[in-house]
Amino acid sequence: MKSIGSKEKIRLFLLANIGRVIESPELQAAADGAVQYSRRLRELRDEEGWPILSHNDTADLKPGQYLLREKPTRKSLPQFSRTISARLRAQILA
């Protein structure tokens, strides 16, 4: 049987808690104690376009609190991509 990764565990936890303020320790526990839980959360938000709010987005949240107000749609667009073109990489290295 294939085990699921921490990102998928966080995804499922957030979907089960839509509309509820989530604390960082809850996310880490949902990811079975994974140290990189915050990175997985950022990947969901930034790369997959999930509307996960933090204290940077609203004054209603304190540092270490997150909120998924609504279920992400297929139309959710990522804010950025982590990939760069081969041409840009070559320019930077040059």
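Every number in this text was worked out from the coordinates using simple rules, so none of it is lab data. Note that the structure is predicted; figures quoted are calculated from it, not measured. Cβ sites come from the backbone with ideal geometry, for glycine too, and all protein chains shown count toward neighbours.
For beta carbons closer than 6 Å, sequence separation of 6+ or different chains, a first residue in region 43-64 that is at positive phi and a second that is hydroxyl-bearing (Ser, Thr, Tyr) and not in a loop (DSSP other than H, G, I, E, B), the qualifying pairs are Gly64/Ser24. Within region 4-19, the residues that satisfy the criterion of being surrounded by 12 or more Cβ atoms within 10 Å (Cβ to Cβ) and either part of a loop (DSSP other than H, G, I, E, B) or in contact with a Ser or Thr (Cβ under 7 Å, 6 or more places away or on another chain) (or both) are Gly5, Asn17, Ile18. Taken together, Leu41, Leu53, Leu27 contain a single residue that is in contact with a strand residue (DSSP E or B) (Cβ under 6 Å, 6 or more places away or on another chain) and of a type outside the set (Val, Ile, Thr), which is Leu53. Report yes if some residue within region 30-50 is closer than 15 Å to Arg69 by Cα, in a loop (DSSP other than H, G, I, E, B), in contact with a Pro (Cβ under 8 Å, 6 or more places away or on another chain) and not polar (S, T, N, Q); otherwise report no. Among the residues of region 30-50, at least one is closer than 15 Å to Arg69 by Cα, in a loop (DSSP other than H, G, I, E, B), in contact with a Pro (Cβ under 8 Å, 6 or more places away or on another chain) and not polar (S, T, N, Q), which makes the answer yes.
Taken over region 25-51, the criterion of being polar (S, T, N, Q) and loosely packed, with under 15 Cβ neighbours inside 10 Å is satisfied by Gln36 alone.
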